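K.L.:
I have a structure here, written as structure tokens, and I will follow up with some questions on it.
FYI, it's all coordinate maths here, none of it is from the lab. Everything numeric in this text was worked out from a predicted model, so none of it was measured. Cβ atoms come from the backbone with ideal geometry, glycine included; neighbour counts cover every protein chain shown.
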């Protein structure tokens, strides 16, 4: 739902942007011919497909990035030395739509889904349904050793590892140093809270950007607030639709209080209820830009925009970063956790052989580092952040590493989509949130939705 | 009959109509020439720095080029098959006497009113079982069936107007059946068939619901679906300007068709629908 | 026009004996020619519809197939007693009402201009066809970007500051309706144009000679003469608007209570993968379409034989 930047831009540092599709596709006429043949076979519908013999092909469904995953696929194809080749296909932008595309095909036992870039919140659902191939103990050890705990937790269901952490993400607090100075606060000071931030912004007439649109990013925000207040949205997820729903708690009410406070203050953007990441970032660049919680991509994006002259050249130098704000001064915050885990489809032809091998190749520390430098997406292994090259490219690398270490995953449940959509539905728009009623109502609604007693 | 004042009024009205219909198009064209980073940072109707970057982006993006090929191929095949099938039906309805004629017409009408979204779930399962999911035929078949009603009405209305006696007259004059059909009927029927083809093509070209539900890769995904799934530099960034460049590219053929065949389309839409 | 076949055969009394043979052959040919089209239409609608009916009787989630359970009509009861369902019915109704009403007025104006304009008649007709040919999704994007705070110009042109159109239910519905109206008014105006072409010109002129004002002529001569065309146009557009999906999908994703019935169905089946519930909502959507069509055809006596031309 949003606008924002670029379909493509010449990337700095000589990386040609060839986006989701730099992959070559010179076979267009062939495709058209196949289509004609297909039409001729209308009724049968056999048509198309068919391998080109020889090398086994692994299909890797990737979330959109700047082309980094496609380049990794090439690298790992080369490394395989002809044993297999990896072909990538891009999924839609929005995490919910990515799942939509995959889950229906998995349910239909599609054997074309060899490797999938999964948002951590969808692993449990696919694992529980038997759509993913679990890793054995030896593999699991290899994929989880030296990996952020939240990533491992999100990839595990009922004690088994179903996906290999590939990259990890978190939000930190981004702010304009000049604004913080004028408002008289130091966001980097220990114990900086949401209340302090909102009050300061209101006082000095600056904005606080967050993601308040009715989409997964809003759930990210709610979950981070609830977790930072010491609570959680649901627990005992293994009981399926009988899981215990904990959002109606002091922590849930505290989260509601903060959202309401921001949404009803003049520090909130005019379109908070439809803002996603890019709107928040554009507001930070605006004349009243002050603070923003956002993912790590911000750094690259801000520098690119400054380079292209669409924002003031001085903005990147004015950009400060600090840990995710706290809910209570005496309790460390639990920033959001995101990223991508690699799952192997349970019905693929090469699930026990080449697919595992390819995942191993993609997730080596070297490739994670390469991907981080290429795409700007943080690695899933803390060690990568100590690399001098990474430190040079991302001055806030240490903060991001520490934030991912402290991050709280969103509820790990096979019913995640329902839980998330139900919470969003009762907590949206942000200005309507009421600490007295919203947490309770959302708990009731989540319950009803899980039992299929309500529409969503 | 027109007085000077009312003449001026009609002219003003015509100009307003031109503005109203063309304006949104001009707007996407403007957006498509903006720098990607201008969105959210520099506002205004016209681009600050004109750039072709977005066009370069969409054409270097496999997602779009393959969607374009898919859309063109799928729509053309569906149009061709659909119009052939509709011609057969329309001919039967206009010329032959057989039971179920009215039933067929009512059935076609019902299909035209069908809520497509109700079908996508079951259709998805069916296509999976038949191996049609994410293939060209997987879209061609639904396109045909939902475009058929429009084509059938348009054509049967056209065919009713054809003076079929001429065919017999030609035969009396010594032409063979085939000659009579080819020399007399085909030229009379061609405009109608052609109109039906344009309308069917527009219908297929416009589809969105099937496009997003029955495809999953660039193997078959058509343009409207691809537009909605366009992706930016990272998963958080939205490619507004690139979407617009792509939109302009797929709008050009529509504008050309409209410019070339304006009269036929108007005739087709009006004759097929309401007859006095 | 329809009498050709009959007159042709009636004119050949000498061959009466052959008629039954010929009639049988004709019958066979007619059915044969119609069969492929009917089969294709049935394949795509008939089977999936029955399948949807069947699945709607289960509590069945794609991702938890082992919990599939027969629940009879419970999904229907849940849907019909759910506030969200009725909210979406209301939204759909509102969009339908507004767009059809505006389009009818606007479309009539356009049709009059096309019918009467002396200036640039060809250009006007061509221009009107442009929105008709444009992909709905693109229309949705164009209007969304125009009103959006990030990319749009509307706010700065009209001095609206940073009014967030898509953060407000009514403003968002306004933009959705705008896009829908822009895209589909040409269709309605072309249907009306066809109606106008049938109005005898001398009738209008006679009224003018009698000293009728323009308004009187419109009300007493033109409109009664194109009533059939109006009803058909309204029926078609109503059913079309009732199924609206593309515009809300692109513009709001159903946020700010702008979800429509089609959107609700899509959400349950595709997004939530709640197959049973989704199909129940889908069947309800189908029934609502049937209901509207029946009301029009029975209640308003829309003469569909006109549409089919088989009078």
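K.L.:
Normalise the Cα radius of gyration of the protein assembly as shown by 2.2 N^0.38 Å (N = residues in it) and let me know the number. List each step's numbers first, then the result.
P.N.:
Details: Rg = 30.4 Å, N = 1043, 2.2 N^0.38 = 30.9 Å.
In units of the 2.2 N^0.38 Å rule of thumb, it is 0.99.
K.L.:
While we're here: Calculate for chain C the 222 nm mean residue ellipticity that helices alone would give, adding -39,500 (n - 2.57) per DSSP H run of length 4 or more and normalising by residue count, nearest 500 deg cm²/dmol. Numbers along the way, then the final one.
P.N.:
Values: 15 runs with 213 residues, N = 311.
Theoretical 222 nm ellipticity from helices: -22000 deg cm²/dmol.
K.L.:
Give the average, rounded to an integer, of partner chain Cβ atoms located within 10 angstrom of each Cβ in C:246-255. Don't skip to the end; give the middle numbers.
P.N.:
Numbers: counts 7, 1, 0, 4, 6, 1, 4, 8, 1, 9.
Partner Cβ neighbours, averaged per residue: 4.
K.L.:
I need the shape label for region A:179-263. Rule: rounded when a/c is under 1.5, else prolate if a/b > b/c, else oblate, with a, b, c from the alpha carbon gyration tensor.
P.N.:
Numbers: a/c = 3.01, a/b = 2.30, b/c = 1.31.
Prolate.
K.L.:
Gaussian network model of chain C, Cα springs within a sub-10 Å range: biggest mean-square fluctuation belongs to which of C:294, C:23, C:207?
P.N.:
C:23
K.L.:
What is the Cα convex hull volume of region C:160-266 when expressed per residue in Å³? Mind showing how you got there, number by number?
P.N.:
Values: hull volume 13.4 nm³, N = 107.
Per-residue hull volume (Cα only) is 126 Å³.
K.L.:
Between residue C:27 and residue C:227, how high is the FRET efficiency from 1/(1 + (r/R0)^6) when r is the Cβ-Cβ distance and R₀ = 30 Å? Nearest 0.05. Could you put the intermediate results ahead of the total?
P.N.:
Working: r = 37 Å, r/R0 = 1.23.
Taking R0 as 30 Å, the efficiency between residue C:27 and residue C:227 is 0.25.
K.L.:
For chain B, just the Cα set please: Rg and Dmax, both in angstrom.
P.N.:
23.1, 76
K.L.:
To continue, here is another question. From the helices alone, meaning DSSP H stretches of at least four residues, give me the mean residue ellipticity at 222 nm for chain B, per-run term -39500 (n - 2.57), in deg cm²/dmol to the nearest 500.
P.N.:
On the way: 12 runs with 201 residues, N = 276.
-24500 deg cm²/dmol, from helical runs alone.
K.L.:
Oh, and also: Beta carbons within 10 angstrom, averaged per residue: use that to sort the peptides B:165-171, C:44-50, highest first.
P.N.:
Details: B:165-171: 14.9, C:44-50: 18.3.
Answer by packing, highest mean first, reads C:44-50, B:165-171.
K.L.:
How high is the relative contact order of region C:74-308, in percent, counting Cα pairs under 8 Å that sit 6 or more residues apart?
P.N.:
Values: 249 pairs, mean separation 67.0, N = 235.
The value is 29 percent.
K.L.:
State the Cα centre-to-centre distance between region C:45-59 and region C:146-189 in whole Å.
P.N.:
What the calculation gives is 38 Å, centre to centre.
K.L.:
Follow-up. Go from 0 up to the bin containing the longest alpha carbon distance in region B:113-166, width 5 Å each, and give me the % of pairs per bin.
P.N.:
Taking every Cα pair in region B:113-166, the percentages come to 4, 16, 19, 17, 12, 9, 8, 6, 5, 3, 0.
K.L.:
Another question, if that's okay. I need the semi-axes of the equivalent ellipsoid of region B:145-240: take the C-alpha gyration tensor, multiply each eigenvalue by 5, square-root it, list largest first in whole angstrom. Spell out each step's value before the answer.
P.N.:
On the way: eigenvalues 441, 27, 20 Å².
The equivalent ellipsoid of region B:145-240 has semi-axes of 47, 12, 10 Å.
K.L.:
Follow-up. Over region A:48-156, what is the relative contact order in whole percent, taking alpha-carbon pairs under 8 Å and six or more residues apart?
P.N.:
On the way: 101 pairs, mean separation 29.2, N = 109.
The value is 27 percent.
K.L.:
Is the shape of region A:50-100 best called rounded, prolate or oblate, per the rule: a/c under 1.5 gives rounded, else a/b larger than b/c gives prolate, else oblate, with a ≥ b ≥ c the square roots of the Cα gyration tensor eigenvalues?
P.N.:
oblate
K.L.:
Taking the Cβ of each residue in B:248, B:256 as the centre, tally the other Cβ atoms inside 10 Å and list the residues starting with the fewest. Working shown, then result.
P.N.:
Details: B:248 21, B:256 11.
By the 10 Å Cβ count, ascending: B:256, B:248.
K.L.:
How far is the Cα center of region A:372-402 from the Cα center of region B:36-67, in Å?
P.N.:
Between the Cα centres of region A:372-402 and region B:36-67 lies a distance of 30 Å.
K.L.:
Continuing with this model, one more query. In vacuum, with every alpha carbon of chain A counted as one equal point scatterer, what does the Debye formula give for log10 I(q)/I(0) at q = 0.10, 0.11 Å⁻¹? Two decimals, please.
P.N.:
Listed by q, the Debye log ratios stand at -0.74, -0.90.
K.L.:
Oh, and also: Between region A:413-447 and region A:103-175, how far is it from one alpha carbon centroid to the other, in angstrom?
P.N.:
Using only Cα atoms, the two centres lie 25 Å from each other.
K.L.:
Let me know the mean shielding of B:70-76 by other chains, meaning the per-residue number of their Cβ atoms within 10 Å of its Cβ.
P.N.:
Details: counts 4, 1, 2, 9, 3, 0, 4.
For peptide B:70-76, the averaged partner shielding equals 3.
K.L.:
Please give, to one decimal in nm, the separation of the simple spin-label points placed at residue A:55 and residue B:181, each 7 Å out from Cα toward the Cβ.
P.N.:
5.3 nm
K.L.:
How do B:244, B:204 rank when sorted from fewest to most other Cβ atoms within 10 Å of their own Cβ?
P.N.:
Values: B:244 28, B:204 24.
Least to most surrounded, the residues fall as B:204, B:244.
K.L.:
Order of A:350-361, A:420-431 by packing, highest average Cβ count within 10 Å first? Let's see the in-between values first.
P.N.:
Values: A:350-361: 19.7, A:420-431: 22.4.
My ranking of the peptides, most packed first, is A:420-431, A:350-361.
K.L.:
A further question on this structure: Which whole number gives the average count of other chain Cβ atoms within 10 Å of the Cβ atoms across peptide C:289-299? Intermediate values should be presented prior to the final figure.
P.N.:
Details: counts 5, 4, 0, 1, 3, 0, 0, 0, 1, 0, 0.
What the average comes to for C:289-299 is 1.
K.L.:
Continuing with the same structure: Rg and Dmax of region B:184-234, using alpha carbons, in Å: what are they?
P.N.:
My reading of the Cα-based Rg and Dmax gives 16.8, 61 Å.
K.L.:
Something else: For residue C:218 paired with residue B:129, estimate the spin-label separation in nm (one decimal), with each label point 7 Å from Cα along the Cα-to-Cβ line.
P.N.:
5.6 nm
K.L.:
Taking the Kirkwood radius as the inverse of the mean 1/r across Cα pairs, report the Rg/Rh of region C:25-165. Write out the running numbers ahead of the final one.
P.N.:
Numbers: Rg = 24.5 Å, Rh = 21.6 Å.
Ratio of gyration radius to Kirkwood radius for region C:25-165: 1.13.
K.L.:
Further question: Set the Förster distance to 22 Å, then compute FRET efficiency between residue C:156 and residue B:48 from the Cβ-Cβ distance, nearest 0.05.
P.N.:
Working: r = 14 Å, r/R0 = 0.62.
That gives a FRET efficiency of 0.95.
K.L.:
While we're on this one: So what is the relative contact order of chain B, in percent, for Cα pairs below 8 Å that sit 6 or more residues apart? Mind showing how you got there, number by number?
P.N.:
Details: 291 pairs, mean separation 82.7, N = 276.
Relative contact order of chain B: 30 percent.
K.L.:
For a quick check: sort A:396, A:219 by the number of other beta carbons within 10 angstrom, fewest at the front. Don't skip to the answer; put the middle values down first.
P.N.:
Numbers: A:396 18, A:219 26.
Result, fewest neighbours first: A:396, A:219.
K.L.:
Moving to a separate point now. In terms of the Cα gyration tensor, with a ≥ b ≥ c the square roots of its eigenvalues, is region C:74-308 rounded because a/c is under 1.5, prolate because a/b exceeds b/c, or oblate? Before the final figure, lay out each step's value.
P.N.:
Working: a/c = 2.57, a/b = 1.45, b/c = 1.77.
Note, shape of region C:74-308 comes out oblate.
K.L.:
Separate question: Go ahead and estimate [θ] at 222 nm for chain A from helices alone: -39,500 (n - 2.57) per DSSP H run with n ≥ 4, summed, over the residue count, rounded to 500. Mind dumping the intermediate values first?
P.N.:
Numbers: 19 runs with 190 residues, N = 456.
Roughly -12000 deg cm²/dmol at 222 nm, from the helical runs in chain A.
K.L.:
While we're looking at this one, here's another question. Mind telling me which of C:264, C:80, C:231 comes out most flexible in a GNM of chain C, alpha-carbon contacts under 10 Å?
P.N.:
C:80
K.L.:
Right, another one. In region A:275-343, what is the volume of the convex hull around the alpha carbon atoms, normalised per residue and reported in Å³?
P.N.:
Hull volume normalised by residue count: 133 Å³.
K.L.:
What do you get when you divide the Cα radius of gyration of region A:241-364 by 2.2 N^0.38 Å, with N the number of residues? Spell out each step's value before the answer.
P.N.:
Numbers: Rg = 20.5 Å, N = 124, 2.2 N^0.38 = 13.7 Å.
Working it through for region A:241-364, the quotient is 1.49.
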